[in-house]
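Trainee: Below are the structure tokens for one structure; questions will follow.
Every number in this text was worked out from the coordinates using simple rules, so none of it is lab data. As the structure is a computational prediction, the values presented were derived from the model and not from experiment. Every residue, glycine among them, receives a Cβ derived from its backbone with ideal geometry; neighbour counts consider all protein chains shown.
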Amino acid sequence: MYKIIKRIIDILAALSALIILSPVYIFVAFKVAKNLGKPVLFSQKRPGLNGQIFTMKKFRSMRDAQDKNGNILPDQERLTPFGIKLRNSSLDELPGLLSVLKGDMSLVGPRPLLIEYLPLYSEVQAKRHDVKPGITGWAQVNGRNAISWQEKFELDVWYVENQSLWLDIKIIYLTIKKVFSQADINAEGEATMSKFTGQS
């Protein structure tokens, strides 16, 4: 019953947000195109429920800058002041609502990470894929990118094992508070979060 109710809430909330925030969506798309060029959306394959691959979309927040050999520059060098503001506001996540409507994601769940991390997870860490990934999650409201990978996975697995509608509502409420306080955006010394190496 929980999964059915959660899916109904996901659809209604995502659809309502897309309609209400459509002017913001258009404005952000315009600003991204003006500051970073086209395409305005960043698309990347990510693992979802049971490790199934889907395409996640976000508003671009980094330049496609390369070195003289054609290699993509580090995130710190590609992230512009505009991109930093976009990430701090979490407006770059708005296109993720389309993935919620499609059913690839939920409003609440472990954040979808890189495909390359799949073979690096321990059996316990892999439990994060027992549920749909989310726009926000328990790890995001308890440190986001400012905590270690080990803490992040522990929080993700705790959510999987304790999920409920009440917990989802609490996470959404705490997420709104985090967005306004713009807390825990980056790991210390990193543009976002350091890469997971499987050593946590």
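Trainee: Please list the non-local residues whose amide H lies under 5 Å from the amide H of Phe54, H modeled 1.01 Å from N, same-chain partners needing a gap of 5 or more.
Mentor: Arg46, Gly48
Trainee: Using only the Cα atoms of the chain, what are the Rg and Dmax in Å?
Mentor: That works out to 16.6, 56 Å for Rg and Dmax.
Trainee: How many nm separate the modelled label positions at Glu161 and Ser89, each set 7 Å beyond the Cα in the direction of the Cβ?
Mentor: 4.0 nm
Trainee: What list of ³J(HN,Hα) couplings, whole Hz, do you get for region 170-179 from phi and the Karplus terms 6.51, -1.76, 1.60, once you set θ to phi - 60° and write x for glycine and proline?
Mentor: 4, 5, 5, 4, 5, 5, 4, 5, 5, 4
Trainee: If I stretch the segment between Tyr173 and Lys102 completely, what's the gain in nm (0.36 nm per residue apart, minus their alpha carbon distance), one decimal?
Mentor: 23.2 nm
Trainee: Still on this model: Taking the Cα centre as origin and putting +1 on Lys and Arg beta-carbons and -1 on Asp and Glu beta-carbons, what dipole magnitude results for the chain, to the nearest 20 debye?
Mentor: 700 debye
Trainee: Then there is this: So for Glu154, Glu123, fewest C-beta neighbours within 10 Å to most, what's the order?
Mentor: Ascending Cβ contact count within 10 Å gives the list Glu123, Glu154.
Trainee: Still on this structure, please answer the following. Based on the Cα gyration tensor of region 88-148, what are the three equivalent ellipsoid semi-axes, each the root of five times an eigenvalue, rounded to whole Å and given largest first?
Mentor: 20, 16, 10
Trainee: Out of Phe153, Tyr25, Trp138, whose Cα points farthest toward the positive end of the dipole of the chain (charges: +1 Lys, Arg; -1 Asp, Glu; placed on Cβ)?
Mentor: Positive-most Cα among the choices belongs to Tyr25.
Trainee: With 10 angstrom as the radius, rank Glu161, Glu151 by how many other C-beta atoms surround their C-beta, starting from the fewest.
Mentor: Glu161, Glu151
Trainee: Sorting Thr55, Thr197, Thr80 on the 10 Å Cβ count, fewest up front, what's the list?
Mentor: Thr197, Thr55, Thr80
Trainee: Using 0.36 nm times the number of residues separating Tyr117 and Thr55, minus their current alpha carbon distance, what extension gain do you get?
Mentor: 20.7 nm
Trainee: Among Asp64, Asp130, Asp92, which one shows the biggest mean-square fluctuation in a GNM of the chain, springs joining Cα atoms closer than 10 Å?
Mentor: Asp64
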